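Structure below; questions to follow.
The values are calculated or read from the model by the stated rules, or taken from the named source; none is laboratory data. Computed from a predicted structure; not experimentally measured. Quick reminder, even Gly has a Cβ in these numbers, built from the backbone with ideal geometry, and neighbours come from all protein chains shown. Accessible surface is based on the protein model in full, side chains and every heavy atom, while ligands, DNA and RNA are left aside. Shrake-Rupley method; radii C 1.70, N 1.55, O 1.52, S 1.80 Å.
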Amino acid sequence: MRRPPAAALAAAALASVILTGCGPTTDAIAARISADGPTFEDALALREAVVDAGVECPGDQQLRDTQGGTGSTLLPCDYNLLLAVADGDEMTEQLRSNLESIEGIHYLHAGNWAVATDDRALLDPVQQELGGEITSTGS
């Protein structure tokens, strides 16, 4: 089923927020960051693990954060599934903070990565394979 243009715009907005570092950073968000779980070198490596868990990810073009001067990466699988890998503790905190500020999404996170979607069921097989915590934001 093809997603409506609004979903595409929402995915683009989510990517923009994550890469540009907009959003609040709080001690509460930092306290939820887990040092446990696997880490990934980039979003392509995370994509491989997500696909191995049985979740489709037709997208294979990762975006690298060049504005922030980091090696953080983002990969939109499709209109409602986004993969992100941060390159350090500060960027991991910022990534989770940015995701927390977006209403109506669910995201699985552990180590230096996050998988975000508006369909929580997509996260279950990934969580079973990789571990991590699922967080849902208000709508």
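With a 1.4 Å probe and all protein chains kept in place, how much accessible area does ARG120 have, in Å² rounded to the nearest 10?
100 Å²
As a test of reading the structure, rank SER139, SER97 by solvent-accessible area (1.4 Å probe, protein chains only), most first.
Descending accessible area places them as SER139, SER97.
Output wanted: per-residue J couplings in Hz (rounded whole) for the stretch 83-91, from phi through Karplus 6.51 cos²θ - 1.76 cosθ + 1.60, θ = phi - 60°, x for Gly and Pro.
10, 9, 10, 8, 9, x, 4, 5, 5
Which of the peptides 108-114, 56-62 is most tightly packed, and how do the rest follow, going by the mean number of other Cβ atoms within 10 Å of each residue?
Final packing ranking: 108-114, 56-62.
Just reorder TYR107, TYR79 by solvent-accessible area, largest first, 1.4 Å probe, all chains present.
Ranked from most to least accessible, the order is TYR79, TYR107.
How do the peptides 124-133, 40-49 rank, highest first, by the average count of neighbouring beta carbon atoms within 10 Å per residue?
40-49, 124-133
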